[in-house]
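The values are calculated or read from the model by the stated rules, or taken from the named source; none is laboratory data. From a predicted model like this one, the values you see are computed outputs, not experimental measurements. In this analysis, Cβ positions are derived from the backbone assuming ideal geometry, glycine residues included, and neighbour counts consider all displayed protein chains. Heavy atoms of the whole protein, side chains included, go into the accessibility calculation; ligands, DNA and RNA do not. Shrake-Rupley method; radii C 1.70, N 1.55, O 1.52, S 1.80 Å.
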Amino acid sequence: MAKIVVDDMELDVPPEYTLLQACEAAGVEIPRFCFHERLSIAGNCRMCLVEVKGGPPKPTASCAMAVKDLRPGPNGEAPVVLTKSPMVKKAREGVMEFLLINHPLDCPICDQGGECDLQDQAMAYGADTSRFAENKRAVEDKYIGPLVRTSMTRCIQCTRCVRFTTEVAGVPDLGAIGRGEDMEITTYLERAMRSEMQGNVADLCPVGALTHKPFQFHARPWELIKTESIDVMDAAGANIRVDTRGREVMRILPRTNELVNEEWISDKSRYVWDGLKTQRLDRPYVRRDGRLQPASWSEAFAAVATRVKAAAPGRIGGIVGDLASVEESFALKLLLEKLGSANIDCRQDGAKLDPALGRASYVFNPGIAGIEAADAILLVGTDPRAEAAVLNSRIRKRWRMGGLKVGVIGPQVDLTYSYEYIGAGPESLSGLTGAGTFADVLRAAERPMVIVGQGALARPDGAAVLALAARVAVAAGAVKEDWNGFAVLHTAAARVGALDVGAVPGQGGLDVAAMTAPGALDVAFLLGADEVDVAPGAFVVYLGTHGDKGAHRADVILPGAAYTEKSGLYVNTEGRVQFANRAAFPPGEAREDWAVLRALSEVLGKVLPFDNLSALRSLVVARHPHLGRVDAVVPADSAAVSALAALGGSVDKAAFVPAVTDFYLTNPIARASAIMGECSALRATLAAEAAE
């Protein structure tokens, strides 16, 4: 540690700290525009100037000088940094005056108004007059895609957006051209940005040069009610903030969680909110004479009760969708148990995962933050860029630190970092159990990691592939006392929580493939399950939010609540239990899913043992205590991985196929979103142009 004095306060800080970080450790606020903790240092804006005693007789950019670079006093005294001296005050006023020479005075029409760093710092550190009366420079706005709107006359060339796309997103679409006052941030050829995380540049922009195009002119920040919640667009469980006005979700922004998403979210998580308003199911429907017709709740329940009471218990089943909360999955399981059925499955895609093998066999054991500790990563049947963009950025972050080797078995795609392509299918994975090029890399690594995706598991030989991957992990030394590098990357937000509560077939029960086969069921309950095709003949009860595939197949539709319209627990791919708060209310007659199941159970004469959400949650925690530890990961017993490795099984020669074929259209909410549809069409156009 090094001693430093900041405004008469002496403190010890790490010598590699910048002066800006040292000042903040002392509780002193330093204004900045270009500096960001997660990006490289640019030193562009000069707003963070401080005075260093004994240093040069001019202000120093605190973001670009480290504590270890300061000289001690003549008698060995600690270096002194002043942040409120007359020199600093005059320098900051001068910098702000320069920044505002060309900045337009259009705050009333700027979407950044009310949450703009330039506004705040001009008030706090600027002068009340300007000596510049010349005409302001104008810059033509650029098209960079359907998600981010540009107003480049406002740009102050802080280059945060350039550094983000280059360093974090790994898709360097933005850059600077020109010099001096002719410098511009652009995509060079005015093409759309290609990153799945491009919306983060609008959050990073300290002025109104980059703003969220779907949100433009919709609302002011002070009009919105802000609710902390959890994203369900993938299984990473990114922490989000849902901003609402009245009953309407206006925008979704990221929250900082260092262990999960840092402060980034994917574009699907951020811009899917318009899908919450369209194609919504807002009242019950019953199919009469081959057509779905509006009905009352009592009529819908009566229709369900008639068919359920006429069916044998073994011919009733339920499928849990990808967006369901833990409480809903548990409630459906309880209802089916009371009906005497063991037919329930949460694995819509048919992934061969079994909670009976132990929790370590289906969670991301090293944790998302644990990626930064790995020194070799093997990706098996997964494209993390499409399946969990935030997690992929964490792998890229570790790769940029140096010393990480990545191997890929499966689809050969652009992951934003270099890797060694090993092969396309299980045969290449089998080769890693012996000696070989990447097998040697894994064995030589101190903390190797094997990440298995749903593309490797959602196939008939998925169980054997999972066991083979576990065998590779054990042989490479990825499973030891202080490190469990065996990781399953899920694509569905509901999957881990549903597996935790045992939403899989019981003794003699049917799985998804069997339940959707012709003649298997008389009554099928779909809890937001839209990715399955139930064969004709079964009476389908769909409890969900959107008029998607599940609703089209349904004989009775029971309208439910979307993830922003209910409170609930979600468990992300690493097994972290997180709590989502309700930000809005369901439309029309729609109700929260657990309440619908509770009301239905009464009509069926199989009353569920809870009357409110708190009682249901208490029941869940009583049976599964680890689900009561919110924002914590209960480590799974690594012995389950060793046991899994011993299972064996024969694997097919077929290549692994991607689990996600269209990043933007993976669930009913995304498919109802016009923004996601536009992004999907644009991605297809760009892919076609690249193929030519």
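Could you please let me know if Glu115 is of a type in the set (Asp, Glu), over 30 Å from Glu223 (Cβ atoms) and open to solvent by less than 80 Å² (accessible area, probe 1.4 Å)?
no
Quick test for you: out of Ala599, Ala643, Ala636, pick the one residue that is in a loop (DSSP other than H, G, I, E, B) and touching a residue at least 60 places away in the same chain (Cβ under 8 Å).
Ala636
Kindly provide the set of residues from the range 494-522 that are open to solvent by less than 10 Å² (accessible area, probe 1.4 Å) and part of a loop (DSSP other than H, G, I, E, B), ordered by number.
Ala494, Val501, Ala503, Leu521
Filter the range 494-548 down to the residues that are among the aromatic types (Phe, Trp, Tyr) and touching a helix residue (DSSP H, G or I) at 6+ places or on another chain (Cβ under 6 Å) and list them by number.
Listed by number, the residues that qualify are Phe539, Tyr542.
Condition first: farther than 20 Å from Asp440 by Cβ, among the hydrophobic types (A, V, I, L, M, F, W, C) and surrounded by fewer than 23 Cβ atoms within 10 Å (Cβ to Cβ). Now tell me which residues in the range 389-428 satisfy that.
Once the filter is applied, which keeps residues that are farther than 20 Å from Asp440 by Cβ, among the hydrophobic types (A, V, I, L, M, F, W, C) and surrounded by fewer than 23 Cβ atoms within 10 Å (Cβ to Cβ), the range 389-428 yields Met401, Val413, Leu415, Ala424.
Can you tell me which condition Ala463 does not meet? The list is (1) over 25 Å from the mean Cα position of the chain (by Cα); (2) modelled with pLDDT under 95; (3) open to solvent by 40 Å² or more (accessible area, probe 1.4 Å), and all the others hold.
The failed condition is (2).
Tally time: how many residues in the range 622-666 are of a type outside the set (Phe, Trp, Tyr), surrounded by 16 or more Cβ atoms within 10 Å (Cβ to Cβ), more than 26 Å from Gly477 (Cα to Cα) and touching a helix residue (DSSP H, G or I) at 6+ places or on another chain (Cβ under 7 Å)?
Matching residues across the range 622-666 total 6.
For the range 333-370, which residues satisfy the criterion of being of a type outside the set (S, T, N, Q), farther than 16 Å from Thr516 by Cα and open to solvent by 30 Å² or more (accessible area, probe 1.4 Å)?
Lys333, Glu337, Lys338, Gly340, Lys352, Asp354, Pro355, Ala356, Leu357, Arg359, Ala369
So is Phe525 in a strand (DSSP E or B), open to solvent by 20 Å² or more (accessible area, probe 1.4 Å), touching a residue at least 60 places away in the same chain (Cβ under 8 Å) and not basic (Lys, Arg) or not?
Criteria not met by Phe525.
Taking the range 376-388 as the search range and keeping residues that are over 18 Å from the mean Cα position of the chain (by Cα) and more than 14 Å from Phe364 (Cα to Cα), which one is surrounded by the fewest Cβ atoms within 10 Å (Cβ to Cβ)?
Taking the candidates together, the pick is Ala376.
Out of everything in the range 17-44 that is in contact (Cβ under 8 Å) with a residue 60 or more places away in the chain and aliphatic (A, V, I, L, M), what residue ends up being most open to solvent (accessible area, probe 1.4 Å)?
Ala42
Looking only at the range 188-224, how many residues end up being assigned to a loop (DSSP other than H, G, I, E, B), out of contact with any strand residue (DSSP E or B) (no Cβ under 9 Å at 6 or more places or on another chain), open to solvent by 40 Å² or more (accessible area, probe 1.4 Å) and touching a residue at least 12 places away in the same chain (Cβ under 8 Å)?
Residues flagged as assigned to a loop (DSSP other than H, G, I, E, B), out of contact with any strand residue (DSSP E or B) (no Cβ under 9 Å at 6 or more places or on another chain), open to solvent by 40 Å² or more (accessible area, probe 1.4 Å) and touching a residue at least 12 places away in the same chain (Cβ under 8 Å) within the range 188-224 amount to 5.
Being hydrophobic (A, V, I, L, M, F, W, C), open to solvent by less than 50 Å² (accessible area, probe 1.4 Å) and either farther than 27 Å from Gly677 by Cα or not in a helix (DSSP H, G or I) (or both) is true for just one of Ala133, Ala122. Which residue is that?
Ala122
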